[in-house]
Amino acid sequence: MLRSTAPCSLALVAALALFPAAEASADGPSDPAERPATWDMSIDELKAVGLGQTRAAPIPVQPSPDKQADVEPKAAKHGVVFVNFDAITVTMGFDDSKTNVSSIFGQEFAAFGGAESDRAAVMEAVRSDWAPYDILFVDERPAAGDYTMNITSPTNPFGAGSGVLGIAPLDCNDAMANNITYAFHGAGDGFGPITAATTIGQEVAHSFGLEHVDDPTDIMNPVNSGGDPTFKDACLPIVQGGTCGPQHMLHCADGTSQNSHKELLEIFGSSIPDTQAPVVAITAPSDGDTYEVGAEFRIDVTVTDDNAVASVQLFDGDAALQVDTSEPYGWEVVDIPEGVYEFTVKASDPAGNETVSDVVTVYVGVEPPPPVGDTDTDSGTGGLDEDGDGGGCGCRQPSPPGQPGPRGWGALAVGLFGLGALRRRRRTA
Ligand SMILES: [Zn+2]
């Protein structure tokens, strides 16, 4: 709910409330042709075929006292990840990849081993998984700048027979830079580069606040189910967590699911410069619709973007009303006061490209002005022509004498939203 500090007339006070819209959103199953049979197996079945190892629950990172935790969501930034294949000794403390200080372990880790081509195969698979995002994966330690370091080593502090493939600090919104993550893989261990890349990707993503999801198609699934999972563009149920709720709720309204792909896009932006603005329209109500005072109706918005939609903001004339940051986009309105409303929505993508929809004018308890030349004063909803000008649109002209005039939009905004409630549509779980 928005509150205004501006004084407002009680006569303008209205209640606009939004109710949950029953829309589910989940991508369908993967293309069956690409879906390995192991993705539909139980843990026991996976273990019978040599899979079913797990990646340990991430450990929430502790903010370092000498570093300012940046807990606010940030604009997309370029990321760097150093995949370390060499032998390394870490000491325990607050995470600092640059000085080999880890919040999880203090010990030696053996080198990944194998040939240069073994390491290159892992890097190729990791880079493929992360290709959509503006993040660079390197296997040489950067000389400067922030980076997450993933230690890729057959040394497994949980024990060789533990079936644990990796662990990482969980760092919501990537608040603390320079984390250290772990993937317990070595050359020739039988897992192969794709599974090693999945472990590395999952552990690194934990250091950006992504949690485990209960779906074998997503890299964030904690169980090794084989195949070649990706960061899925779908709200998938979170398991063993829910620590980074606000981060997940940017894209999945109920906070119990996670869209791994959109979260990484949010943090790092797209690897491809985004110059294409969203396409947005108000699909309901229709331009020129009339309602009784106190009516209920829904403002439905359709918006698409080639990458992702960051937000949709509702305007009444020039007055900015509410922002909706997750699907389904729109608002439900009840108890609307008398007036003429000029609704538009502005859609933004993560790169800052913006599009404003066409205006939808709605008359509440007010006769739409008759079109120019139309002598029928009882025109109701039929008085406006389609394009708003061809037949002489009266919708921007003053009301005839004796009828309520259009209201000032500033005052209207105070009246509608200063004390009323306008809530965005929410998905029902
Ligand atoms: Zn994990």
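The values are calculated or read from the model by the stated rules, or taken from the named source; none is laboratory data. Every value quoted in this text rests on a predicted model; they were computed, and no experiment measured them. We place every Cβ from the backbone using ideal geometry, glycine too, and count neighbours over all the protein chains shown.
Checked across the range 195-203, the condition of being surrounded by 22 or more Cβ atoms within 10 Å (Cβ to Cβ), over 22 Å from Ala121 (Cα atoms), assigned by TED's automatic domain parsing to the domain that holds Met92 and in contact with a strand residue (DSSP E or B) (Cβ under 9 Å, 6 or more places away or on another chain) holds for no residue.
Within the range 233-254, the presence of a residue that is within 26 Å of Asp44 (Cβ to Cβ), buried (at least 17 other Cβ atoms within 10 Å of the Cβ), more than 16 Å from the ligand (Cβ to nearest atom) and at pLDDT 90 or above is excluded. Screening the candidates Ile299, Ile272, Ile219 for the property of being of a type in the set (Val, Ile, Thr), on the phi < 0 side of the Ramachandran plot, surrounded by 21 or more Cβ atoms within 10 Å (Cβ to Cβ) and out of contact with any helix residue (DSSP H, G or I) (no Cβ under 9 Å at 6 or more places or on another chain) yields one hit, Ile299.
Counting only residues that are among the aliphatic types (A, V, I, L, M) and in a strand (DSSP E or B), which one in the range 213-234 is nearest to Ala48 (Cα to Cα)? If we take residues in the range 213-234 being among the aliphatic types (A, V, I, L, M) and in a strand (DSSP E or B), then Val223 is nearest to Ala48 (Cα to Cα).
Taken together, the residues in the range 117-163 that are surrounded by fewer than 18 Cβ atoms within 10 Å (Cβ to Cβ) and under 17 Å from His206 (Cβ atoms) amount to 3. Inspect all residues belonging to the range 259-275 and state whether any of them is outside any helix (DSSP H, G or I) and hydrophobic (A, V, I, L, M, F, W, C). The answer is yes; a qualifying residue exists. Checked against (1) in contact (Cβ under 8 Å) with a residue 24 or more places away in the chain; (2) over 21 Å from Cys235 (Cα atoms), Val303 passes all but a single condition, namely (2).
When the range 196-219 is filtered for residues that are more than 13 Å from Lys262 (Cα to Cα) and touching a Leu at 6+ places or on another chain (Cβ under 6 Å), the ones remaining, listed by number, are Thr199, His206, Val213, Asp215.
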